[in-house]
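Structure record follows, encoded as structure tokens.
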């Protein structure tokens, strides 16, 4: 999938220095001189406390009651997500809506990897329960939306919500709302487990 390739690229290149920005007009001329010494990379707001993901089961992050409330009524299915460095992951499907949620416990990078121009995504930064949350939309991939929860140094919880092959395509705005709802439930659950 393209999102996996983009994440691998983003994680790989996150530590690299980006070259000069090109103007939107397509010119290859360097940008005008800046009044600051260097461009600043956007940063995430600080998290209240660290919630390490190392020992968690991704299929146990959401409680059975939360899964029912989110209409994720099929049994959760665990696997390893290679595009996130072998992260433990879990998918859950809704037989009602046909949509699919996936939680991945990413231990190889912080959520700030999505703020890099190398990630080549559109993002917005907010907070959930005081923790930084990055809503990610990948250009030309309208059937998926991710919310990345920055929970510990060098770790994040990836919440993906996608159209599971419905006969009528689900609008991406609706998918982002679904990802937000799942992320809110997951964050509430992680805080209860502390």
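The values are calculated or read from the model by the stated rules, or taken from the named source; none is laboratory data. This one's a predicted model, so the numbers in the text were calculated from it and none came from an experiment. Note that we place each Cβ from the backbone using ideal geometry, even for glycine, and neighbour counts take in every protein chain shown.
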A careful count of residues in region 117-141 that are part of a strand (DSSP E or B) and under 12 Å from the mean Cα position of the chain (by Cα) gives 10
Looking at residue 95, is it within 24 Å of residue 67 (Cβ to Cβ) and without any contact (Cβ under 8 Å) to a residue 40 or more places away in the chain?
yes
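Here's the yes/no breakdown for (1) over 30 Å from residue 95 (Cβ atoms); (2) surrounded by fewer than 18 Cβ atoms within 10 Å (Cβ to Cβ); (3) touching a residue at least 12 places away in the same chain (Cβ under 8 Å):
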residue: 112; (1), (2), (3): yes, no, yes
residue: 117; (1), (2), (3): yes, yes, yes
residue: 122; (1), (2), (3): yes, yes, yes
residue: 132; (1), (2), (3): yes, no, yes
residue: 135; (1), (2), (3): no, no, yes
residue: 140; (1), (2), (3): no, yes, yes
residue: 146; (1), (2), (3): no, no, yes
residue: 150; (1), (2), (3): yes, no, yes
residue: 160; (1), (2), (3): no, no, yes
Hey, among 183, 188, which residue is surrounded by fewer than 18 Cβ atoms within 10 Å (Cβ to Cβ), within 18 Å of residue 60 (Cβ to Cβ) and either within 14 Å of the chain's Cα centre (by Cα) or at pLDDT 95 or above (or both)?
188
Filtering region 60-116 for residues that are in a helix (DSSP H, G or I) and either touching a helix residue (DSSP H, G or I) at 6+ places or on another chain (Cβ under 8 Å) or at positive phi (or both) leaves a count of 7
Out of (1) surrounded by fewer than 19 Cβ atoms within 10 Å (Cβ to Cβ); (2) in a helix (DSSP H, G or I); (3) under 13 Å from the mean Cα position of the chain (by Cα), the odd one out for residue 174 is which?
(3)
